[in-house]
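Worksheet: one structure, shown below.
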Amino acid sequence: MISFIIPSYNNLKHLKNAYNSIKKHSPQSEICIADDSSIDGTTDWLKSIYEVDNNVKYITTQIRNGHTILYDTL
């Protein structure tokens, strides 16, 4: 299995594009997303994708750091 690790902060449009591209070209891959408390709807979108796609893992920080440093928690 291939795992993709994607850092995210307020880039929902690009995150959706990346997700769709991975699902199209490598549907069985694991997608791990580390979100730094985005305020653009990313967290809600991640929750909805997580509920229907078993290959998605995500974590979001409780406090905005301005950068994503959560790779080791995924």
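The values are calculated or read from the model by the stated rules, or taken from the named source; none is laboratory data. Since we're looking at a predicted model, the values are computed, not measured. Neighbour counts are summed over all protein chains in view; Cβ atoms, including those assigned to glycine, are modelled from backbone coordinates with ideal geometry.
Looking across the range 1-38, just one residue is hydroxyl-bearing (Ser, Thr, Tyr) and in contact (Cβ under 8 Å) with a residue 60 or more places away in the chain, and that is Ser8. Scanning the range 24-47 for residues that are farther than 16 Å from His14 by Cβ, small (Gly, Ala, Ser) and either modelled with pLDDT under 95 or surrounded by fewer than 10 Cβ atoms within 10 Å (Cβ to Cβ) (or both) yields a single hit, Ser37.
Name the single residue that is surrounded by the most Cβ atoms within 10 Å (Cβ to Cβ) among those in the range 1-23 being in a helix (DSSP H, G or I) and in contact with a helix residue (DSSP H, G or I) (Cβ under 9 Å, 6 or more places away or on another chain). Only one residue tops the list, namely Leu15.
Can you say whether Tyr50 is at pLDDT 90 or above and either assigned to a helix (DSSP H, G or I) or surrounded by fewer than 16 Cβ atoms within 10 Å (Cβ to Cβ) (or both), as far as the supplied structure shows? Outline the logic, then answer.
Values: at pLDDT 90 or above: yes; either assigned to a helix (DSSP H, G or I) or surrounded by fewer than 16 Cβ atoms within 10 Å (Cβ to Cβ) (or both): yes.
Criteria met by Tyr50.
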